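K.L.:
Next up is a structure, given as structure tokens.
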Amino acid sequence: MGCVHRVLYVGYGVLFGWLAWCAAMSARNGAFAVCGVFVAGSGLVVAAVVREGVLEGVLRREVVRERSGGGGAADASDAVVAVALAGWCCDAWAATAGAEHGRSCRHRLPRGNAA
């Protein structure tokens, strides 16, 4: 866990404690609507802590992947293949490497049009 994550977790803990104390005092004094607002704020803090944990895990996995040197060239070739497959509209287009379209292809231009 990095230093930034520790600082954020401490800040979230302090904020959660303060909001919980405010909610308890509001409920004690009969201001139930305000208590609900403080409880909702506490829920947002819990959601932020969960999100921070997920982001920390993602960052940690990326660091491990970079250090292991995994998949730089494979990722690039996968991206090229994905772009090519996304553009595949008909078999004739694939057979001619994008030069022609089949008769039933929606991208085919009529013969009279010179592009």
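The values are calculated or read from the model by the stated rules, or taken from the named source; none is laboratory data. Being a predicted model, the structure only gives us computed values, none of them experimental. Here the Cβ is made from the backbone with ideal geometry for all residues, glycine too, and neighbour counts use every protein chain on show. Just the protein is used for accessible areas: all its heavy atoms, side chains included, with ligands, DNA and RNA removed. Shrake-Rupley method; radii C 1.70, N 1.55, O 1.52, S 1.80 Å.
K.L.:
So how exposed is E62, as accessible area in Å² (1.4 Å probe, rounded to 10)?
P.N.:
For E62, solvent-accessible area is about 80 Å².
K.L.:
Okay, moving on. In whole Hz, with x marking every Gly and Pro, tabulate ³J(HN,Hα) for segment 44-54 from phi via Karplus 6.51 cos²θ - 1.76 cosθ + 1.60, θ = phi - 60°.
P.N.:
5, 5, 4, 4, 5, 5, 4, 4, 4, x, 5
K.L.:
Going 7 Å from the Cα of E56 along its beta-carbon direction, which residues of segment 13-42 have the amide nitrogen within less than 13 Å of the resulting point?
P.N.:
13
K.L.:
Considering the zone a paramagnetic label at R67 would reach in this model (a point 7 Å from Cα along the Cα-to-Cβ line), which residues of segment 1-45 have amide N under 16 Å from it?
P.N.:
The answer is 1-3.
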